[in-house]
Each structure stands twice: as structure tokens, then as C-alpha cells.
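Data block below; observations after.
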2 protein chains.
Amino acid sequence: MPQGVPLTVPDDGLTTKQRRNRPLVMVHTGAGKGKSTAAFGMAMRAWNQGWDIGVFQFVKSAKWRIGEQTVLERLAELHDTTGVGGPVEWHKMGSGWSWSRKEGSDDDHAADAAEGWAEVKRRIAEERHDLYVLDEFTYPMKWGWVDVDDVVETLVNRPGRQYVVITGRHADPKLVEIADLVTEMQHVKHPFDNGQKGQRGIEW
Amino acid sequence: MPQGVPLTVPDDGLTTKQRRNRPLVMVHTGAGKGKSTAAFGMAMRAWNQGWDIGVFQFVKSAKWRIGEQTVLERLAELHDTTGVGGPVEWHKMGSGWSWSRKEGSDDDHAADAAEGWAEVKRRIAEERHDLYVLDEFTYPMKWGWVDVDDVVETLVNRPGRQYVVITGRHADPKLVEIADLVTEMQHVKHPFDNGQKGQRGIEW
């Protein structure tokens, strides 16, 4: 139960209100479950506040997160037809980025990931969205497909009021360093340990 | 990226399919963020599969999780009007349980929590929902308002195919013992550390 009570008041020249409204970079990392689920739960909450949401999935599986995608697309429709909530765009690398002429190229994940990041970077420069969900984005960074220093610099210098949440294991220390909020999901006990496989409604 | 590959195959007399479809008790604990958010993200996914969802919030604040509540209520409406997704009921202790004659009694949280658990227990016996979100339910257990042994026995012996997710810090070891999936959200870095307060769209 967060109490909303600061432990210390920093000497940063900002008023409490300015500090309160500072846009955040958030990272969900660790080997446990809930990293992406918490990010999409956050998107659901942001939608309710009327925020413009852009989701970018840096994974190849088409099945992955289909439940969240369907729900957020329905919420986006509700926004488009009734004005309630905010708009949502959902882009995924797996089926080929929607803005790209290319089909999802099974043979060059590195190029696809770099293309995804280049688009996110353009949108950040244009202040296109209020909340960016960069799902599983730690992996292309870890594998060297996307330059960590470029990501860090882009996030630190992003204009306006743009929130970014990045999910995935093995978050780079440079990313953790510049993030405002970092949560590590730790695996304590998991049904896979007992030979259980993923379940519909739980895993996707 | 969960791979869905069992590390070991247990000697429990179940087929892989039976094991795969075994309903789960899930616990999100730890001092970090994302415990409730991941549970509500899970509810969003379950809704999309047409599951019947019951949310029970064992907290007093009316502001708390209002974003998720609004979104899930809109999804419930969408279900009621179009048949898409599943039904959702959202009950909270803070404003007085909806099934109770009593106003939310500010003076007796213990009795309110016990009443909430008694209702959940009745519903589990009746197999009322497919997914129960028992938000912040670790606290009444920790404070002795709800008997941990009763919870454990009820969950272990629950009939049919009912999933339960419990959130909150300090999950009792007996609960962890009988849970199928336990994730500990660890606080690595948090804006409250730097004097920042909760933000609309992020905290609620």
C-alpha cells in the first residue's frame, strides 16, 4: 500500500507540484512473472485518464499478449466511438511493424528491432504519445540490436510530458540508472517448476 | 519470455493436459510496485477469454484502483450489452461491501474484512466466479482479522475450476506454501525515494 509520502525532499529546485508531475521512465525487469502484465495494467489505467497510448512489442510470437491487445483495441474503439478514455495504437514486430512496407522478416530480427526503435524515437521527438509501452525491449538492447546509449540519451532528453515503460529481463545498468522507477519481479514459485505448462487466460 | 517448457515432469498421476489446466492460486507479494496492477492486467486477459471475474478489494481508500475499476466496469458493460468477454463484479470494503446492509464502518475494519472473506468463501463453495482477485488480502491475514488456516483450507479444497490471485506485502508462509505461483515484486528504485508523490494515471 503506497502511502504517497516522500522519504526525503530533494534539493532540485522543483516545487512539489512540478516534481509530482514529472513524467517517468519505468522499468519492469527480473525473471519473475508480471512484468508485461503490470505494464498493460498501467496502460489500462492511463487509458481511463484519457492518455494517448502507444504499445510497441519487440517480440516475434503472434500469440503473445493477444488478450491484452484485444482488450486495449476494444478500449480504443470505445474511445473512437464515444470519446471515453484515450486512443491506443498497438504495434508489433512479430507480424511486421504496421508502418513498414516489409513483411515480418523472419531472417533479420536485428533489423526489425532497430526499425522499431527508430520509429519510437521519431514519435518521442514528435511527442506523439503520452505513454509508450516498450514490451520486451530489454532484449534487443541486450543482444546489441539497439544501442543502449542511444536509448538512454533519447529518454533523458525526451521533450514534453511523455511516460515510458520498458519490460524484459536483464535491464541494462545504464537504463536502470536513468529510470525513475524500477521494479524487479522475482520468481518465488512457478507452476512450470512442477511440469505445468502455460495456460490460456493466464499466460496469454 | 516464458518458454512454457517444464523443467521437470512431476510424478503426480496427472496427464500433461490435466496438469496444464489445473486451476491456480497465485500470489503477488513483495514491497515493489505492480502487485495489484499485474493482477488487474490478468483480469483484463481473463475477461477477454470470457471468464467470470470477481474482484474483492480489502482496502479502505475509495480512490484506490479507481482506474482499473472504471475500465473493468466498462468491459463488464460491453459484456452485458454485446456478449463479448466475460462478466465482472467489483466489490470493495472501502465504501461498504455491496451485498451488506451496513455502511462502510470506519470503526471496525476487522469485522469488515472478516465479512468480505466470509462472502468470498461462500462464493468459492458455490463456484460463482472463474477468477477471484483478492486485492490487498494479505493485510487482513497478517493483522489476524482473517484466519490464515481457514483461507488455506478453503483454497486447497475449492471445488471445480476456480483461479484465485491474492495481492499484498508480507504473504503468510502458509499461503505461499499452497500457492501454485508466487511472484515477489521487489522495489529497486522508486520516485518516492526522490521526494516525488503519487501521480494520476500511474498510481491510480
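The values are calculated or read from the model by the stated rules, or taken from the named source; none is laboratory data. These numbers were taken from a predicted model, which means no experiment stands behind them. Cβ sites come from the backbone with ideal geometry, for glycine too, and all protein chains shown count toward neighbours. All accessible areas refer to the heavy atoms of the entire protein, side chains included, with ligands and DNA or RNA removed. Shrake-Rupley method; radii C 1.70, N 1.55, O 1.52, S 1.80 Å.
Miscellaneous remarks
- Test: residue in segment A:40-51 that is at pLDDT 90 or above, touching a His at 6+ places or on another chain (Cβ under 6 Å), within 18 Å of residue A:124 (Cα to Cα) and in a loop (DSSP other than H, G, I, E, B): no
- Within segment B:117-150, the set of residues being within 14 Å of chain A (Cβ to nearest Cβ) and of a type in the set (D, E, K, R) comprises B:130, B:135, B:136, B:142.
- Counted as qualifying within segment A:107-189 are the strands (runs of 3 or more DSSP E) with 1 or more residues that are at pLDDT 95 or above and not aromatic (Phe, Trp, Tyr), namely A:131-135, A:163-167.
- Residues that are small (Gly, Ala, Ser) and open to solvent by less than 10 Å² (accessible area, probe 1.4 Å), drawn from segment A:37-54: A:38, A:39, A:41, A:43, A:46, A:54
- Residue in segment B:61-70 that is more than 8 Å from chain A (Cβ to nearest Cβ) and farther than 24 Å from residue A:84 by Cα present: yes
- Residues in segment A:55-71 that are surrounded by fewer than 24 Cβ atoms within 10 Å (Cβ to Cβ) and assigned to a helix (DSSP H, G or I): A:66, A:69, A:70.
- Output for segment B:28-60, where each listed residue is within 7 Å of chain A (Cβ to nearest Cβ), touching a Leu at 6+ places or on another chain (Cβ under 8 Å) and closer than 22 Å to residue B:139 by Cα: B:33, B:40, B:42
- Hey, residue B:9 in contact with a strand residue (DSSP E or B) (Cβ under 9 Å, 6 or more places away or on another chain), modelled with pLDDT under 90 and of a type outside the set (Ser, Thr, Tyr) or not: no
- Looking only at residues in segment A:78-98 that are of a type outside the set (A, V, I, L, M, F, W, C) and touching a strand residue (DSSP E or B) at 6+ places or on another chain (Cβ under 9 Å), the one that is farthest from the other protein chains (Cβ to nearest Cβ) is A:98.
- Only one of the numbered conditions (1) crowded, with 20+ Cβ neighbours inside 10 Å; (2) out of contact with any helix residue (DSSP H, G or I) (no Cβ under 9 Å at 6 or more places or on another chain) is not met by residue B:123, and that is (1).
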